[in-house]
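Here is the structure we will look at, set down as structure tokens.
The values are calculated or read from the model by the stated rules, or taken from the named source; none is laboratory data. Predicted, not measured: the structure shown is a model, and the values here were computed from it. So basically every Cβ, Gly included, is an ideal-geometry build from the backbone, and we count neighbours across all protein chains shown. Only protein heavy atoms, including side chains, enter the accessible area calculation; ligands, DNA and RNA are left aside. Shrake-Rupley method; radii C 1.70, N 1.55, O 1.52, S 1.80 Å.
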Amino acid sequence: MMEHGIHLVFTGHQHLQDIAQYRVHSDAGVDSLIDISTGSAVGYPNPWRMIRTNTDFTRWDVSTGYISSIPSIANLRQECYKRSSTNIVDGLVWHINEYWPTIESYRSVLPTLGVPAMLLPNTPQEAGELIMEYLGDSLRDVFMIHLTGNENDNPRGQVLIADIDAAVKQLCIQRMKGSGDDASLDATVGLIHTLLMAYLKPILTSMLTDTNQEVSSLSSRTNDLDVVLNIPGAK
């Protein structure tokens, strides 16, 4: 895209307020591609964008506004918060059911990692109930903060990873009770906890800090809500 003079794209679908910048450093200087993703006006936090540009399209002034009410729903944002929260929980349950055969296939692999097969719940319903009991509120908050944008400025986001880390450990302890003496239990829980957080922490960090944890060139944080973007001129 950059090679053909495209430096700015507008996207949706993910329902979140986000502006991400991909930078490439070369002998010719710094080139970049910026993606502006805009949330749904009918989904929390009900955002819309105003974008002003100059005549040669090299300066883009992006600002965010919010719809707080409509004639039929006076407390629109509160209602949409409730709906979005419910959708996140429903989506989690749907994914567990959809991918349960894959999850179940790990049962034979776990012992090779030194992890008892009893770690896995026996049914998708049991898995969903366990996750919601130990992680439900925290996972909901992660997604709601991520939808809103400028995640790194949210004080709740700064403690959520630690909260989830502690909850994952408690979930592991609950699943492994009765699997051996205290010493072997501690070792097993420690291993499982480490494996799970090695997978979860980069995802959570990406969602809560507005940075990419896998590709360093994508880690250039940009204000997601109100920002002036300078775009290279057309080639």
Expressed in angstrom and ordered largest first, the alpha-carbon extents of region 47-130 along the principal axes are 63, 40, 18
With a Cα-only, solvent-free Debye model of region 128-211, what are the log10 I(q)/I(0) values at q = 0.13 Å⁻¹? -0.45
Based on alpha-carbon atoms only, what is the radius of gyration of the chain relative to the globular estimate 2.2 N^0.38 Å? 1.25
Let me spell out the model: positive unit charges on the Cβ of Lys and Arg, negative unit charges on the Cβ of Asp and Glu, origin at the Cα centre of region 120-161. What dipole size does that give, in debye rounded to 20? 100
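Determine the shape class of region 1-114: with a ≥ b ≥ c the square roots of the Cα gyration tensor eigenvalues, call it rounded for a/c under 1.5, and otherwise prolate if a/b is greater than b/c, oblate otherwise.
Cα axes put region 1-114 in the oblate bin.
Add -39500 (n - 2.57) for each DSSP H run of 4 or more in the chain, then divide by its residues: what number comes out at 222 nm, to the nearest 500 deg cm²/dmol?
Value at 222 nm, helices only, nearest 500: -15000 deg cm²/dmol.
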In whole Hz and in residue order, list the ³J(HN,Hα) couplings for region 157-172 that follow from phi through the Karplus curve 6.51 cos²θ - 1.76 cosθ + 1.60, θ = phi - 60°; x for Gly and Pro. x, 6, 10, 5, 4, 5, 4, 5, 4, 5, 5, 4, 5, 5, 5, 4
The chain, accessible area per residue, ligands and nucleic acids excluded (1.4 Å, Å²): 58
Could you compute the net charge surrounding residue 41? Neighbours are other residues with a C-beta less than 14 Å from the C-beta of residue 41; K and R count +1, D and E count -1. +2
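Counting only other residues whose beta carbon sits under 12 Å from that of residue 132, what net charge do I get with K and R as +1, D and E as -1? Kindly include the intermediate steps, with their values, before the conclusion.
Working: positive: 140; negative: 90, 126, 129, 133, 137.
Once positives and negatives cancel, what remains is -4.
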Total Lys pairs in the chain closer than 28 Å by alpha-carbon, pairs eight or more apart in sequence or interchain only? 4
